[in-house]
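Engineer: Encoded as structure tokens, here's the structure I'll be asking about.
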Amino acid sequence: MDPKTEAFRITGLNGEKKLSGEISVSGSKNNALPLLASSVLFAGPVSFSNVPDITDVDKMFELLRNAGAVVTREGDVVTVDPAGVAHGEIDVAVANKLRASIILTGSLLGRTRRITFPSPGGCVIGKRPIDLFLEGYTKLGATVTENENIFTVSADKLSGMEFFFRLQSVTGTEALLMASALAHGTTTLKNVALEPEVTDLAEFLRDAGASIEGVGTNTLTIHGTGGIPLKNNSKEPHRVIPDRIEAGSYLVLGALCAHDLTLKGCNPSHLELPIITLQEMGVPVEVRGTDVVISNNTKPNNAFLPASIRTHEYPGFPTDLQSPYTVLCTQAEGESVIEEMIFEGRLAYTADLVSMGADITVAHPHKAVVKGPAKLSGRELYTPDLRAGLAYIIAACVGKGVSLIHNIHYVDRGYENAEAKLRQIGVAIERVSV
Ligand code: EPU
């Protein structure tokens, strides 16, 4: 079945807290993608476990295979043998569907010193430029040219440099870290992103033989290998970290619709502010080891307090959880303020929540005021991106009547087994062909 013709049909609970049970959190998309991209820095095979089975990961496999790598999956373990990587041409058709293909430019440049890739262009959540990548590659000694939206970056030799990120960039940090790992000499990256997905990549590369200092701080110092691929001495696959965004999204669903919900296999330290925000709103949520548990959630949703949420680089509030939390705010009693500081187009989806009955005013591209509680009614919706897709699912669950959510290929990009996990806790969700 063509995924573009599938939709989710969800019957809402009309505010009743009928869901209950457990959900196991999958491996993180935004950790798996850079880890897989980093495999081309190695001389021989590298393996990863807990790799989520989602379509963005499949697209990364395709890009790696097109470049000459051999990729195999057995269950949740993926092995990439990069020995045959012969060129740095990133497949245009696949890259156009995967913005995260930009991460692969860093590792492929390190390995092949000549890459071509398409301009990732704009996107529904904002402009998302790549100037920081290109400036970094230029500073490493590469020449950048662009012809009809195809970039070519090439260098006889990559040389260590010092680079200050004027904006903290997750994939920018990952790409420059990987390119400099195989450069000649020492590179210092300042004001790097501190998201757990980035720190885990740096730890993996360091443990696998790259010389990286400052992991977990905002300055990384990388002593390049001078063009020699890394040798991975570890026999064990490197484990992808739990998906904090998936966990946070299902927590919001639990807050609104579940009497009891346990999220298994989290790293709660990656979820501090989202959990604190729930607690401040009055959601009975607590951490028990690697479980995050909502229990005895009996009060009506209008007993929740409004929130003031401002997205920020880690450890601030994640932009990828802004849309689910906005749905939560539509049900709380009073006025919430949502400030989206990372992407300028990431409040557009609120118009669909308004069509369901929410009271949301977008003051400007970075700020929305949400007045609650509002009764939401089922609607036919077209999700603009994967995170809004989960927000629509939550809104459909808490609302009254039936919703039909289109464009669910976005949800399949980033949430492993979404409908099976949702059905398991009692959500009336069906994948239908439309
Ligand atoms: N930016 C620039 N120039 C650049 C790069 C970034 O101006 O060259 C700007 C961006 O436009 C944005 C800010 O810097 O305003 C920060 O963006 P960042 O580069 O950190 O975002 P990203 O690396 O493109 C990753 C995640 C996103 C997540 C953001 C923020 C991956 C594959 N993607 O994107 O995840 O929202 O960091 O945390 O890791 C998602 O999973 O749905 C998603 C969009």
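Each value in this text was obtained by applying a stated rule to the coordinates, not by laboratory testing. Keep in mind it's a predicted model, so treat the numbers as computed, not measured. Quick reminder, even Gly has a Cβ in these numbers, built from the backbone with ideal geometry, and neighbours come from all protein chains shown.
Engineer: Charges on Cβ only, +1 for Lys and Arg, -1 for Asp and Glu, centred on the Cα centroid of segment 151-261; of Leu220, Pro242, Ala258, which one is farthest towards the dipole's positive end?
Structural biologist: Result: Leu220, furthest along the dipole toward the positive end.
Engineer: If packing is taken as the average count of other Cβ atoms within 10 Å, what order do 106-119, 53-66, 240-253 fall into, highest mean first?
Structural biologist: The packing order, highest mean first, is 240-253, 106-119, 53-66.
Engineer: Still on this structure, I have one more. Could you go through segment 159-164 in sequence order and give the Karplus-derived ³J(HN,Hα) for each residue, using 6.51 cos²θ - 1.76 cosθ + 1.60 with θ = phi - 60°, rounded to whole Hz, and x for Gly and Pro?
Structural biologist: Once θ is set to phi - 60°, the couplings for segment 159-164 become 10, x, 7, 10, 9, 10 Hz.
Engineer: Another one. List the GluC sites (Glu not before Pro) in segment 365-434 that DSSP assigns to loop (not H, G, I, E or B) and whose Cβ has at most 12 other Cβ atoms within 10 Å. Which are they?
Structural biologist: Within segment 365-434, no GluC sites (Glu not before Pro) qualify (loop, at most 12 other Cβ atoms within 10 Å).
Engineer: Given the Cα atoms of the chain, and with Rh set as the inverse mean 1/r over their pairs in the Kirkwood sense, what is Rg to Rh to two decimals?
Structural biologist: The Rg/Rh ratio comes out at 0.98.
Engineer: Along the positive direction of the dipole of the chain (beta-carbon charges: Lys, Arg +1; Asp, Glu -1; about the Cα centre), which of Val94, Pro373, Phe133 reaches farthest?
Structural biologist: Pro373
Engineer: Taking each full run of DSSP H in the chain as one helix, which ones are at least 18 Å long along their axis (Cα atoms) and have mean Kyte-Doolittle hydropathy of at least 0.5?
Structural biologist: 244-257, 386-398
Engineer: Given Cβ point charges of +1 (Lys, Arg) and -1 (Asp, Glu) and nothing else, what value in debye, to the nearest 20, does the dipole of segment 1-55 about its Cα centre take?
Structural biologist: The calculation lands at about 140 debye.
Engineer: Here's a follow-up. Quote the charge dipole size of segment 220-326 about the Cα centre in Debye, to the nearest 20; the model charges only the Cβ of Lys and Arg (+1) and of Asp and Glu (-1).
Structural biologist: The dipole magnitude comes to about 240 debye.
Engineer: In percent, what relative contact order does segment 187-342 have, based on Cα pairs under 8 Å that are 6 or more apart in sequence?
Structural biologist: 19 percent
Engineer: Follow-up. Of the peptides 336-345, 138-147, how do they stack up when ordered by the mean number of other Cβ atoms within 10 Å, highest first?
Structural biologist: The most tightly packed comes first, giving 336-345, 138-147.
Engineer: Right, another one. Taking the chain as a Gaussian network, Cα atoms linked when under 10 Å apart, which of Asn30, Asn296, Asn407 shows the biggest mean-square fluctuation?
Structural biologist: Looking only at Asn30, Asn296, Asn407, the largest GNM fluctuation is found for Asn296.
Engineer: Moving on. If R₀ is 45 angstrom, what is the calculated FRET efficiency for the pair Ala43 and Lys375, using the beta carbon separation as r and rounding to 0.05?
Structural biologist: Using R0 = 45 Å, I get an efficiency of 0.15.
Engineer: Then there is this: Given 0.36 nm per residue, what is the gain on full extension from Val70 to Arg114 after removing their alpha carbon distance, in nm?
Structural biologist: 13.8 nm
Engineer: Roughly how big is segment 360-429's charge dipole about its Cα centre, with Cβ charges of +1 (Lys, Arg) and -1 (Asp, Glu), in debye to the nearest 20?
Structural biologist: For this selection, approximately 340 debye.
Engineer: Then there is this: Which of the peptides 6-17, 300-311 is most tightly packed, and how do the rest follow, judged by the mean count of other Cβ atoms within 10 Å per residue?
Structural biologist: 6-17, 300-311
Engineer: With 20 Å as the cut-off, how large is the P(r) tail for segment 183-289, expressed as percent of Cα-Cα pairs?
Structural biologist: Of all Cα-Cα distances in segment 183-289, 54 percent exceed 20 Å.
Engineer: Cα-Cα pairs above 17 Å in segment 1-84: how many percent?
Structural biologist: 57 percent
Engineer: Could you list log10 I(q)/I(0) for segment 244-348 at q = 0.11, 0.13, 0.14, 0.16 Å⁻¹, which the Debye formula gives when each Cα is one point scatterer?
Structural biologist: Once normalised to I(0) and log-transformed, intensities are -0.30, -0.42, -0.49, -0.64.
Engineer: Using Cα pairs under 8 angstrom and six or more residues apart, how large is the relative contact order of segment 116-185, in percent?
Structural biologist: This gives 31 percent for segment 116-185.
Engineer: Which pairs, out of Lys59/Lys127; Lys139/Lys190; Lys29/Lys264; Lys29/Lys97; Lys139/Lys367; Lys190/Lys235, put more than 24 Å between their alpha-carbon atoms?
Structural biologist: With Cα atoms farther than 24 Å apart: Lys139/Lys367; Lys190/Lys235.
Engineer: Given the -39500 (n - 2.57) contribution per DSSP H run of 4+ residues, what per-residue ellipticity at 222 nm results for the chain, rounded to the nearest 500 deg cm²/dmol?
Structural biologist: So the calculated ellipticity at 222 nm is -9500 deg cm²/dmol.
Engineer: Given a Förster distance of 41 angstrom, what is the FRET efficiency for Arg423 paired with His364, based on the Cβ-Cβ distance and rounded to 0.05?
Structural biologist: Calculated value: 0.60.
Engineer: Normalise the Cα radius of gyration of segment 23-164 by 2.2 N^0.38 Å (N = residues in it) and let me know the number.
Structural biologist: 1.05
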